[in-house]
Amino acid sequence: MANVGLQFQASAGDADPQSRPLLLLGQLHHLHRVPWSHVRGKLQPRVTEELWQAALSTLNPNPTDSCPLYLNYATVAALPSRVSRHNSPSAAHFVTRLVRTCLPPGTHRCILMVCERSDAFASACALARAFPLFTHRSGASRRTEKKTVTVEFFLVGQDNGPVEVSTLQCLTNATEGVRLAARIVDTPCNEMNTDTFLEEIKKVGKDLGITPTIIRDEELKTRGFGGIYGVGKAALHPPALAVLSHTPEGATQTIAWVGKGIVYDTGGLSIKGKTTMPGMKRDCGGAAAVLGAFRAAIKQGFKDNLHAVFCLAENSVGPNATRPDDIHLLYSGKTVEINNTDAEGRLVLADGVSYACKDLGADIILDIATLTGAQGIATGKYHAAVLTNSAEWEAACVKAGTRCGDLVHPLVYCPELHFSEFTSAVADMKNSVADRDNSPSSCAGLFIASHIGFDWPGVWVHLDIAAPVHAGERATGFGVALLLALFGRASEDPLLNLVSPLGCEADAPEADAERDSKRRRLV
């Protein structure tokens, strides 16, 4: 599936499936609503109307099903007819699976996606996950032909009009962001080191007309970023804090997205074993998601101040590596006793959120990270974990996840019971918990929050994406769609407004009487 160009068009046009293979995809009751006149030109002369209707009648999704229409040139596939309340109505994960297994081979192919308008965004992002960009297979380098997949949406339901050009552009930008993030996460550290990641940031900045702010190597130390510097100082390629800032006229609030960019995590001197270290190239998934989402958000007309903060380091082993028992002074001004060098992500993020608070003046700080292996146990392989000081934003994250396909489930937020796990006799805190059986994913997030303060009046949201950042051995680009959906109300794009749960009073929980107006202001 690598090296495929993905194109969204209002109409893919007609073609013999033998020259342009076709996959028709949707929930069965939606597929039944597609008139033969709409698909005839994509199926004839190989498939008749009678055969089309017969294929639909044989489908029995449990949870999915598919039926070939003509050899391996045309297939119809059915998504689950129903999903549970903790899943996306779009059945996004099944979209990706069916495309990977059912899309016919060929150089130029077509997907006809049948869904409701409210599921178009999630479905498009799910399609993008089926076409990763990174590969070093020798056969791929010998192929010279350019492969393309054209996607046409057929919308059913109440708002079933044609797909507008602006919607197609939004889907293009979003899916490019998903594939960019996945490519970065899939690329091994011998290529995607901190130098290379900075080049990716610069490329996006150049595309958007933004010059990044970069603080690097010894400057991190002299300016007080003890977390990022301490984690990355043993590596060949030095650590960095990089920031892309979008500050449009008329902005009413400031938002910071802070991404964990550990390009490789050996565990440091608290080294990982031979079975747990492979795959640690994915520890930059949070920063990759921030980069992909930032690019798409700005292209879609983000109306508020938005800062993308990248905390980049390689947690390596060497003579300069941080030792357990070392004490670091972080940018917050708090001291941290290191009792586990493999609990490094929270250290770099602590510096990142402190910078967002102190230097960027953010009203809303969201950090996103592949933070804890325990996340995959707490909320599973498919749902990211959210920890936040706002019940309203917790609910919004869950709802945004169901609308965009990047699923989310809450963690326990209770600092008065959990933060004591970090008690140190010689510093303000340790960096790893005393009891690993006491909600470790919640505790890890609370460590980050403590560096802006539990009484900070702004909104703080932490997303742990350790498990959903990959499916098997491939990155998913998880987080891009979630950030775009969650903050869609700050965009000028009607599709992002449609999937965003924020800014719509009908979706918001009851407000607490004592809320601070700035803290609770919605995007």
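The values are calculated or read from the model by the stated rules, or taken from the named source; none is laboratory data. Here the structure is a predicted model, which is why all the values come from computation and not from measurement. Because the Cβ atoms are built from the backbone with ideal geometry, glycine has one as well, and the counts that use them run over all protein chains shown. Ligands, DNA and RNA are stripped out before the accessible areas are found, and what is left, the full protein with its side chains, is counted by its heavy atoms. Shrake-Rupley method; radii C 1.70, N 1.55, O 1.52, S 1.80 Å.
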Q. Given A92, A55, A74, A12, which one is surrounded by 16 or more Cβ atoms within 10 Å (Cβ to Cβ) and in contact with a Gly (Cβ under 8 Å, 6 or more places away or on another chain)?
A. A92
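Where in the stretch 18-129 are there strands (runs of 3 or more DSSP E), lying wholly inside it, with at least 3 residues that are at pLDDT 95 or above, within 23 Å of T476 (Cα to Cα) and of a type outside the set (D, E)?
Here the list reads 22-27, 74-79, 108-116.
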Q | Candidate set: the stretch 320-349, residues that are aliphatic (A, V, I, L, M) and over 20 Å from the mean Cα position of the chain (by Cα); chosen: the one farthest from L387 (Cα to Cα) | A | A321
Q: Please name all residue pairs, on different chains or six or more residues apart, with Cβ atoms under 7 Å, provided the first residue is in the stretch 360-372 and is on the phi < 0 side of the Ramachandran plot and the second residue is open to solvent by 10 Å² or more (accessible area, probe 1.4 Å) and polar (S, T, N, Q).
A: L360/T254; A362/T254; D363/T254
**Q.** Among (1) in contact with a helix residue (DSSP H, G or I) (Cβ under 8 Å, 6 or more places away or on another chain); (2) surrounded by 18 or more Cβ atoms within 10 Å (Cβ to Cβ); (3) more than 17 Å from G380 (Cα to Cα), the one test that G479 misses
**A.** (3)
**Q.** Which numbered condition S450 fails, given (1) over 28 Å from A122 (Cα atoms); (2) of a type in the set (S, T, Y); (3) open to solvent by 10 Å² or more (accessible area, probe 1.4 Å)
**A.** (3)
Q: Output yes when any residue across the stretch 259-280 is more than 25 Å from R489 (Cβ to Cβ) and of a type in the set (D, E), and no when none is.
A: yes
**Q.** Extreme residue, farthest from G230 (Cα to Cα), among residues of the stretch 252-275 that are of a type in the set (V, I, T) and touching a residue at least 24 places away in the same chain (Cβ under 8 Å)
**A.** T252
Q. Can you pull out the strands (runs of 3 or more DSSP E) entirely within the stretch 213-282 that have at least 2 residues that are closer than 21 Å to E337 by Cα?
A. 254-265
(Q) Can you pull out every residue in the stretch 176-212 that is among the hydrophobic types (A, V, I, L, M, F, W, C), closer than 18 Å to Y264 by Cβ and part of a loop (DSSP other than H, G, I, E, B)? (A) C189, M192
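Residues are listed down the side, and each one gets a yes or a no for (1) aromatic (F, W, Y); (2) within 17 Å of K147 (Cα to Cα); (3) in contact with a Cys (Cβ under 7 Å, 6 or more places away or on another chain):
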| position | (1), (2), (3) |
| --- | --- |
| F8 | yes, yes, no |
| S11 | no, no, no |
| S19 | no, yes, no |
| W36 | yes, no, no |
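Hey, can you tell me all the residues within the stretch 20-46 that are touching a residue at least 60 places away in the same chain (Cβ under 8 Å) and open to solvent by 40 Å² or more (accessible area, probe 1.4 Å)?
R33, H38
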(Q) I need the full set of residues from the stretch 315-364 which are more than 24 Å from T213 (Cα to Cα), open to solvent by less than 30 Å² (accessible area, probe 1.4 Å), hydrophobic (A, V, I, L, M, F, W, C) and assigned to a loop (DSSP other than H, G, I, E, B), in order please. (A) A321, I338, A343
(Q) Give all pairs with beta carbons closer than 7 Å in which a residue from the stretch 447-474 that is more than 29 Å from H93 (Cβ to Cβ) meets a residue that is among the aromatic types (F, W, Y); count only pairs at least 6 apart in sequence or on separate chains. (A) F447/F422; A449/W460; S450/F419; I452/W460
Q) Conditions: (1) touching a residue at least 60 places away in the same chain (Cβ under 8 Å); (2) of a type outside the set (A, V, I, L, M); (3) touching a helix residue (DSSP H, G or I) at 6+ places or on another chain (Cβ under 8 Å). G279 meets all but one. Number of the miss? A) (3)
